[in-house]
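Okay, so here's the structure we're looking at.
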Amino acid sequence: MASNMDREMILADFQACTGIENIDEAITLLEQNNWDLVAAINGVIPQENGILQSDFGGETMPGPPFDPASHPAPAPTPSSSAFRPVMPSRQIVERQPRMLDFRVEYRDRNVDVVLEDSCTVGEIKQILENELQIPVPKMLLKGWKTGDVEDSTVLKSLHLPKNNSLYVLTPDLPPPSSSSHAGALQESLNQNFMLIITHREVQREYNLNFSGSSTIQEVKRNVYDLTSIPVRHQLWEGWPASATDDSMCLAESGLSYPCHRLTVGRRTSPIQTREQSEEQITDVHMVSDSDGDDFEDASEFGVDDGEVFGMASSALRKSPMMPENAENEGDALLQFTAEFSSRYGDCHPVFFIGSLEAAFQEAFYVKARDRKLLAIYLHHDESVLTNVFCSQMLCAESIVSYLSQNFITWAWDLTKDANRARFLTMCNRHFGSVIAQTIRTQKTDQFPLFLIIMGKRSSNEVLNVIQGNTTVDELMMRLMAAMEIFSAQQQEDIKDEDEREARENVKREQDEAYRLSLEADRAKREAHEREMAEQFRLEQIRKEQEEEREAIRLSLEQALPPEPKEENAEPVSKLRIRTPSGEFLERRFLASSKLQIVFDFVASKGFPWDEFKLLSTFPRRDVTQLDPNKSLLEVKLFPQETLFLEAKE
């Protein structure tokens, strides 16, 4: 009886060879033939001699004739390489040609083409040339599920279904000005769409750029390369309602431009779903004849014999847990997480994506309150304990919850020799030769290993090495024991860190106070210097003004005419001038002298007429307002007069 994974491959090959898309119908036909692929294909595809030969052993099995009209010709899938129908070497079986229907879309037109599958792609283009008036060299025929094809390709070799949808691109021809819709479509085909695709199982986003002429099928194939989820197992969310055909180009699918969000996950296997429902019914009536002694070890872990012997074989793995010789550790961990999820489900520890050094930074080189233990899971596909440990211990909800709260979990796959040597080099660098030698001497059946690492001030200490032959309770106890040691060390580190931060805070406050004091002293010094400079400047100005006044006074004093004598032939006027300080200035002037000479005399004594005014008593008048060119006699300052000086406002 075929195993679950064998049945999935047989189902995929059967659908690829027969073209039957209904999964329930395909499973029913396979069950009728006891999951014999050759017999099931012979029962669907008619042969003149009733024999279909496989590639493996040349065994033949008669098959009843079948009506070909009910099942179209086979269509290839990525997993249909296990079997292929071939004709017997000694006989040539003639087959009636199949008629294929093509609906070809070009701008706002649809052209229906019907051809035999013995025709070529070039013949389709020739028909379209007559219908659309487009030269064949200018025409790109898109929408093939297998990608771009040559004009010489025979349609039969493409394994097409009866009804097909294609579209024509003419990038070298300008769009017609009369059709705005066609122009918009042509513009969309030349645009690039950013698809933000979230991988549901590993919660990772991929930002992928596709041209508008790319098909939905091409997107799904690219996602298969990134996530290792085959196209037929991909479960999508976010495609527009108009995206009903994988051969449709992105420009026509209704995607949001320039960015569109999609989500992809793994579809549950229909065989597993069906068999699980059957087992729930049949297990009630089954009674085991085994004495149970052969599987006591497996029963301790709560698993059945199929889980021990069926899942442990690496031959059934579709892909390795980790690529060999991966350049980037982060990319290797991404594949590890995706493959782990596909094998053991979504309930598993959150594996740190990044290098081991980055995991150290995340776990150890943060504040003491935020530090965690580092758990390193070492996987080995060849160990019989691997699947039991992963499915029953590592994926237990209690273990997953405890690890997520208290640990940073990092993983590595030691199945491949290159990956094993790479980890041993990392181990020797970070943990020393003793731990590296311990891991190097571990036998395959002792894996998987779980290393518990605690970061210390000067080095990283391995607290525990847990082998795969353990139980959930024992694993939890050892994790909790490691956590107790770590918590005690963490409390000491927190205390030391708090004391260090307190000292640093005091030092920072002192430094800040000292800095402010220096700034205040510097500000005072600068203010004093500015004040002294201003005083010096004002003093200089004052001195210059005094010197200028003194020079003017001296010049006026020297320019004064000599004082006339009392007995003089000409009339003499005697003036008595009182200063603001109460002193009196007395001098004789000729009555014919101009009033300006009196002003110059007063200025020569330090009282310039632009700062002081000269007043008479009776009548009170401002002499400085009089015409300075008039004589003393004319202004009635003769024969004598008492005047006084008053500062101007």
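As a quick test, which of the pairs LYS142/LYS162; LYS543/LYS565; LYS594/LYS648; LYS543/LYS630 have an alpha carbon distance above 29 angstrom in this structure?
LYS543/LYS565; LYS543/LYS630
With N set to the residue count of the range 224-272, report its C-alpha Rg divided by 2.2 N^0.38 Å to two decimal places.
Rounded to two decimals, the normalised Rg is 1.29.
Dividing the convex hull volume of the Cα atoms of the range 600-647 by its residue count, what figure in Å³ per residue is obtained?
Value for the range 600-647: 81 Å³ per residue.
Mind checking the alpha-carbon convex hull of the range 116-249 and giving the volume per residue in Å³?
Given the Cα convex hull of the range 116-249, per-residue volume reads 134 Å³.
For the pair GLU499 and GLU519, what calculated FRET efficiency results from E = 1/(1 + (r/R0)^6), where r is the Cβ-Cβ distance and R0 = 45 Å, to the nearest 0.05?
Plugging the Cβ-Cβ distance into 1/(1 + (r/R0)^6) gives 0.90.
Calculate, axis by axis, the spread of Cα positions in the range 387-442 along the three principal axes, and write the results as whole Å, longest axis first.
Dimensions of the range 387-442 along the principal axes of its Cα atoms: 34, 24, 16 Å.
Treat each spin label as a single point 7 Å out from the Cα along the C-beta direction, and report the SER165 to CYS347 distance in nm.
The two pseudo-label positions are separated by 4.1 nm.
Pull up all non-local amide H partners of SER573: gap of 5 or more, or a different chain, and H-to-H distance under 5 Å with H placed in the peptide plane.
Close amide H contacts, sequence-distant or interchain: PHE589, LEU590, ALA591.
Scaled to the compact-protein estimate 2.2 N^0.38 Å, what is the alpha-carbon radius of gyration of the range 433-499, rounded to two decimal places?
Taking N as the residue count of the range 433-499, the ratio is 1.35.
Indicate the gyration tensor shape class of the range 337-430 (rounded, prolate or oblate), computed on the Cα atoms with a ≥ b ≥ c the square roots of the eigenvalues: a/c under 1.5 is rounded; otherwise a/b larger than b/c is prolate and the rest oblate.
Judged from the Cα gyration tensor, the range 337-430 comes out oblate (a/c at least 1.5, b/c at or above a/b).
Suppose R0 equals 30 Å. What FRET efficiency, 1/(1 + (r/R0)^6) with r the Cβ-Cβ distance, do GLU150 and ASN22 give to the nearest 0.05?
Given R0 = 30 Å and the Cβ-Cβ separation, E is 0.40.
Sticking with the crude label model, points 7 Å out along Cα→Cβ, report the distance from VAL506 to MET477 in nm, one decimal please.
4.7 nm
How long is the gain from TYR206 to GLU357 if the chain were fully straight, where each residue apart is worth 0.36 nm and the alpha carbon distance is subtracted?
Full extension from TYR206 to GLU357 adds 51.9 nm.
Quick one: Debye curve from the alpha-carbon atoms of the range 498-620 only, equal weights, vacuum; give me log10 I(q)/I(0) at q = 0.09, 0.14, 0.18, 0.22 Å⁻¹ to two decimals.
Results for the range 498-620 at q = 0.09, 0.14, 0.18, 0.22 Å⁻¹ read -0.51, -0.80, -1.03, -1.26.
How much length is gained on full extension from GLU548 to SER242, taking 0.36 nm per residue of separation minus their Cα-Cα distance?
That pair, GLU548 and SER242, stretches by 100.2 nm at full extension.
Rule-based calculations on the coordinates, nothing more; no lab input. Just so it is clear, the model here is predicted, and its values are computed rather than measured. Heads up, the Cβs are rebuilt from the backbone with ideal geometry, glycines too, and the neighbour counts pull from every protein chain shown.
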